[in-house]
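These notes concern the structure reproduced below.
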Amino acid sequence: MTTFDATTHTYRIDGVAVPSVTQVLSDLIPGWQASEWYLQRGTAVHACAAMIARGVEFDHDPAIDGQVTACKRFFAEVRPHVIRTEYQVFSQKLGFAGTFDLECSVQDAVCLIDWKASFGAALPYQLAAYSVAYDECGGYPIRHGYGVQLNEDGTYKMSCVYDLRNYRNGFLALLSAYKIRRACKVKEEGIKG
């Protein structure tokens, strides 16, 4: 059985806590994690983006007007066919989990999309991780992924299309390193023991 506790942001498989995709990447790729203020704003933006994808009317904090406008513009201009939004995936075999932002088809190609405040080098590994877990959860192989940067000025920017098959092994290597660091009790400040 798989569960997610939103309060602690903890994924569990058969009662055992497993790392999230975000935990793996933030542990090994510097600069991945944002400050608490940006995390809270990002949570609000993601919630609004999910409602836009579902076609649900909503009210939002005026502080994120630009990002909401950018997301609405993305849907109006790109016209993706929404398949799933805010979907939790788990890999029991590999011991990790995560929640992807959007599965949709763009120009007849099924892809994963992640909403971003800015693009970083970890983006294709994040998307590839979701595709690995989704495939194991009984989904189908998703080969393509994009980042969509939602800007404060109401504009959006799409990343290049990533062929996620090229990044799957990279994420699996990061996951292995993450697990080795935990097994050896390696923390940010060095080795404890």
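The values are calculated or read from the model by the stated rules, or taken from the named source; none is laboratory data. It should be emphasised that the depicted structure is a prediction, and the values quoted were computed from it without experimental measurement. No Cβ is skipped: glycine too gets one built from the backbone with ideal geometry, and neighbour counts run over all protein chains shown.
Residue-level check: of (1) at negative phi; (2) modelled with pLDDT of 90 or more, Ile29 misses just (2). Take the conditions (1) assigned to a loop (DSSP other than H, G, I, E, B); (2) of a type outside the set (Lys, Arg); (3) closer than 16 Å to Tyr156 by Cβ; Glu77 misses just one of them, which is (1). Picking from residues in region 136-149 that are surrounded by fewer than 16 Cβ atoms within 10 Å (Cβ to Cβ) and over 14 Å from Thr99 (Cβ atoms), the one that is modelled with the highest pLDDT is Glu136. The set of residues in region 4-13 that are surrounded by 10 or more Cβ atoms within 10 Å (Cβ to Cβ) and either of a type outside the set (Ser, Thr, Tyr) or over 17 Å from the mean Cα position of the chain (by Cα) (or both) comprises Phe4, Asp5, His9, Arg12, Ile13. Scanning region 111-133 for residues that are of a type in the set (A, V, I, L, M) and either in contact with a Cys (Cβ under 6 Å, 6 or more places away or on another chain) or within 29 Å of Gly154 (Cβ to Cβ) (or both) turns up Leu112, Ile113, Ala117, Ala121, Ala122, Leu123, Leu127.
What residue, of Leu164, Leu174, Leu94, is on the phi < 0 side of the Ramachandran plot and in contact with a strand residue (DSSP E or B) (Cβ under 6 Å, 6 or more places away or on another chain)? Result: Leu164 is the single residue among Leu164, Leu174, Leu94 that is on the phi < 0 side of the Ramachandran plot and in contact with a strand residue (DSSP E or B) (Cβ under 6 Å, 6 or more places away or on another chain). Scanning region 117-130 turns up at least one residue that is of a type in the set (A, V, I, L, M), within 28 Å of Arg41 (Cβ to Cβ), exposed (fewer than 12 other Cβ atoms within 10 Å of the Cβ) and more than 13 Å from the chain's Cα centre (by Cα).
Among residues belonging to region 161-179 that are out of contact with any Lys or Arg (no Cβ under 7 Å at 6 or more places or on another chain) and free of Cβ contacts under 8 Å to residues at least 24 places away in the same chain, point out the one that is nearest to Asp108 (Cα to Cα).
Taking the candidates together, the pick is Asn169.
Checked against (1) touching a helix residue (DSSP H, G or I) at 6+ places or on another chain (Cβ under 8 Å); (2) under 19 Å from Glu86 (Cα atoms); (3) at pLDDT 95 or above; (4) not hydroxyl-bearing (Ser, Thr, Tyr), Ile113 passes all but a single condition, namely (1). Considering only region 116-139, I want to know if a residue exists there that is of a type in the set (S, T, N, Q) and closer than 15 Å to Phe75 by Cα. So far as region 116-139 goes, no, none of its residues is of a type in the set (S, T, N, Q) and closer than 15 Å to Phe75 by Cα.
Flag not set for Cys104, criterion: buried (at least 22 other Cβ atoms within 10 Å of the Cβ) and over 30 Å from Arg182 (Cα atoms).
Scanning region 64-78 for residues that are loosely packed, with under 11 Cβ neighbours inside 10 Å and either of a type outside the set (Asp, Glu) or at pLDDT below 95 (or both) yields one hit, Ala76.
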